[in-house]
Amino acid sequence: MGAKSKTPWITINGKNVADSQFSIEYLKKELNIDGNSHLSAREKGFAMNLRLALEDHLMWLMGTEAYFHLEGKHLFTHYPPGLFPFPDFVAKILLKTVIKSKIRNMMYLNGIGRHKREEQHKMGLAVFQAINDILGDNKFLMGIVIV
């Protein structure tokens, strides 16, 4: 987790920048690049809204599945032992009790937690279908300009 207890974050030259939006703005300024310079104002608005939908809506759906329904089991199968500052069995207990309770509350406040798991899956599939519809035969969402 970054300094604001958020992911994603970046660390560049010892400076931590939390949140994707701030990371993008920081990189644009520090590296003097703008991957959206070829887009019209309307396309930039569309791209930002698409990114926010993916980050916020889809992140909640995927996080709900991974950390609530599956109780974070991937943390113990895909990451090295010692990921946590305490034994894995303690982490598993925390995930099943304290953390799961916090996630349930956050899910409810977000709105995702008010839906059944099957409804959440349908919502996630609808997001992926929308991305597929937007992509069509293209390889990228907003063109192929490489910066």
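The values are calculated or read from the model by the stated rules, or taken from the named source; none is laboratory data. The model shown is predicted, which means the values in this text are computed figures rather than measured ones. Positions of Cβ are backbone-derived with ideal geometry, glycine not excepted, and every protein chain shown enters the neighbour counts.
For the reader, a short list of remarks on this structure follows.
- Filter pass, PHE89 being closer than 30 Å to LYS116 by Cα and without any contact (Cβ under 8 Å) to a residue 12 or more places away in the chain: yes
- When PHE128 is tested against the conditions (1) over 20 Å from PHE68 (Cβ atoms); (2) among the aromatic types (Phe, Trp, Tyr); (3) touching a Leu at 6+ places or on another chain (Cβ under 9 Å), the lone failure is (1).
- Subset of the range 77-100 (residues that are surrounded by 11 or more Cβ atoms within 10 Å (Cβ to Cβ), within 21 Å of the chain's Cα centre (by Cα) and under 29 Å from ALA53 (Cα atoms)): TYR79, LEU95, ILE99, LYS100
- Single match in GLY113, GLY124 (criterion: part of a helix (DSSP H, G or I), under 30 Å from ILE144 (Cα atoms) and touching a residue at least 24 places away in the same chain (Cβ under 8 Å)): GLY124
- Failed criterion for GLU65 (all others in (1) in the same structural domain as THR11 (by TED's automatic domain parsing); (2) farther than 26 Å from THR11 by Cβ hold): (1)
- Pair list, Cβ under 6 Å, 6 or more apart: the range 20-41 residue in contact (Cβ under 8 Å) with a residue 40 or more places away in the chain, other residue assigned to a loop (DSSP other than H, G, I, E, B): ILE33/VAL147; GLY35/VAL147; HIS38/VAL145
- Among the conditions (1) under 28 Å from VAL17 (Cα atoms); (2) surrounded by 12 or more Cβ atoms within 10 Å (Cβ to Cβ); (3) out of contact with any His (no Cβ under 7 Å at 6 or more places or on another chain); (4) free of Cβ contacts under 8 Å to residues at least 60 places away in the same chain, the only one that ASN105 does not satisfy is (2).
- When the range 52-94 is filtered for residues that are modelled with pLDDT under 85 and either among the charged types (D, E, K, R) or touching an Asp or Glu at 6+ places or on another chain (Cβ under 9 Å) (or both), the ones remaining, listed by number, are GLU55, ASP56, GLU71, LYS73, LEU75, PHE76, PRO81, GLY82, ASP88, LYS92.
- Cβ-Cβ contacts under 9 Å between residues 6 or more apart (or on different chains), taken from a first residue in the range 44-59 that is within 20 Å of MET123 (Cα to Cα) to a second residue that is modelled with pLDDT of 85 or more and aromatic (Phe, Trp, Tyr), are listed as LEU58/PHE128.
- Selection count where residues are under 18 Å from the mean Cα position of the chain (by Cα), part of a loop (DSSP other than H, G, I, E, B) and of a type in the set (Gly, Ala, Ser), scope the range 39-76: 1
- When PRO85 is tested against the conditions (1) farther than 29 Å from HIS121 by Cα; (2) in a helix (DSSP H, G or I), the lone failure is (2).
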